[in-house]
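Here the structure comes first, spelled out in structure tokens, and everything after it is commentary.
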Amino acid sequence: MSIFIIILMVVAVIFAVALIWKNREDFSEQALEEPPEDIRVSPLLRGINYLLSDKPDRALQEMVQVAKIRSESAEVYMALGEMFRSQGEYGRAVRIHQNILARPDVATELHFQAYVALGKDFQAGGLLDRALKHYAKALAIQTDHLPSLYACLRIREQSLEWDEAEWLVSRLEQVENEPYHEHRAYLKAEMAKNALEKGDASLSESLVLEALKLSPSCTHAYLLLIHQLLQTGETDEVIHQASLFLDRVKVDHHNLLPEALLSNEAFYQTKGEAFLWDMWQQRHDVEVGVRWIENVSQTYGLDAAHALRHQLNFSDLSLRHELRLAALDEANSNLVQQAKYWRLSMKLYACKHCGVQVHQMRWHCPKCNKWGTMEPLQGSHVFGEEQHAI
Ligand SMILES: [Zn+2]
């Protein structure tokens, strides 16, 4: 609350200085027919007073009144609207910004700012359709406004509207004159996944190929391609693509391959298992090994998982990996019970860009909105970075 009050005081002081300056100009021009400034601005000052007294509704009442009187105070209104929003008072922020739009003498630039602000108000309040509508109005005035384009992209991606998101990314490419190939590849992969779920295999296939053309290192597209090839029984091609997968996608995504190859048991038994053995012998990636055991446990049960662990013969495991494997066990020991409990709440992946930790692999970071940035949490800490730091 104290920061809020300080910001308000600063806004009030700026406004007062602006008024004194305006007074001086008016005096020099002998604009004596104008009503005195203190009468015209008093509702705004009264409004600020109400705000400081923690009476936001009275404040709003005064401010809405003054907004009809003078346009010079519009910037103060924009700042106050921002403050309401930052306090989580979205309804009040909307009222302030709508009031600016309702005035007859508003310049286009201010209209534009109010539309952007309303977009942010509705987005923060979770009314995403209305947010999009206001960002669209802002973009109709200023077509290359990057914050509005980014905001719309974020909403479309949150709403899983991949076609619209892809259009926005193409627009960002034009405005920023920069390629967004990896981003677009992940969007195409999401579209391919949707098409597959709707039973349109040929559309899914062409979208996956488009994704890989845009970015040959798009993990999601590779896994979909392998899945499609397993469905159609092209097993030699699966092996070929799995080799390319290992060469092209980032090493931190290699742990996702065992699950893909295990999704077709007949393939796994004839070719997939041997491929994973080759992979293990060449790289000895412990994360891949532990993940492989977890996947085998799900598909073939605990005995097969134990046998695989014995064959993999880990030289040393982090506490994190030991607990993951202990959680697979069926023994009734205290350690196994605790490991199972821990495994249910543990987070397996972290975004390398913003650090947010999640339970399951995600292609799209829910916090920073980057694509393909999730990597397995490594190291010996058991509860993740945040708890570890405490
Ligand atoms: Zn992130």
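The values are calculated or read from the model by the stated rules, or taken from the named source; none is laboratory data. The structure displayed is predicted, hence computed values, not measured ones. Quick reminder, even Gly has a Cβ in these numbers, built from the backbone with ideal geometry, and neighbours come from all protein chains shown. What goes into the accessible areas is simple: the full protein's heavy atoms, side chains included, and nothing from ligands, DNA or RNA. Shrake-Rupley method; radii C 1.70, N 1.55, O 1.52, S 1.80 Å.
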*Mind checking whether some residue in segment 154-163 is surrounded by 15 or more Cβ atoms within 10 Å (Cβ to Cβ), in contact with a Leu (Cβ under 9 Å, 6 or more places away or on another chain) and within 25 Å of Gly272 (Cα to Cα)?*
no
_Which listed residue is touching a residue at least 40 places away in the same chain (Cβ under 8 Å) and closer than 30 Å to Ile96 by Cβ, from Glu157, Glu182, Glu161_ = Glu157
*Which members of segment 284-296 meet the condition of being among the charged types (D, E, K, R), more than 10 Å from Glu259 (Cα to Cα) and in a helix (DSSP H, G or I)?*
Glu287
_Conditions (1) touching an Asp or Glu at 6+ places or on another chain (Cβ under 9 Å); (2) modelled with pLDDT under 90: number failed by His381_ = (1)
*Answer residue from segment 198-239, given it is modelled with pLDDT of 95 or more and out of contact with any helix residue (DSSP H, G or I) (no Cβ under 7 Å at 6 or more places or on another chain) and is least open to solvent (accessible area, probe 1.4 Å) among those*: Ser206
*Search result, residues across segment 322-353 that are open to solvent by less than 100 Å² (accessible area, probe 1.4 Å) and among the acidic types (Asp, Glu)*: Glu322, Asp329
*Which of (1) without any contact (Cβ under 8 Å) to a residue 24 or more places away in the chain; (2) open to solvent by 50 Å² or more (accessible area, probe 1.4 Å) is the odd one out, the single condition Val251 does not satisfy?*
(1)
*State yes or no: is Arg95 farther than 21 Å from Ala140 by Cβ and charged (D, E, K, R)?*
yes
*Assuming Leu319 fulfils every condition listed in (1) buried (at least 16 other Cβ atoms within 10 Å of the Cβ); (2) within 35 Å of the chain's Cα centre (by Cα) apart from one, which condition is it?*
(1)
_Going by what's in this entry, would Lys120 be described as crowded, with 21+ Cβ neighbours inside 10 Å, touching a helix residue (DSSP H, G or I) at 6+ places or on another chain (Cβ under 7 Å), over 30 Å from Leu229 (Cα atoms) and among the charged types (D, E, K, R)?_
yes
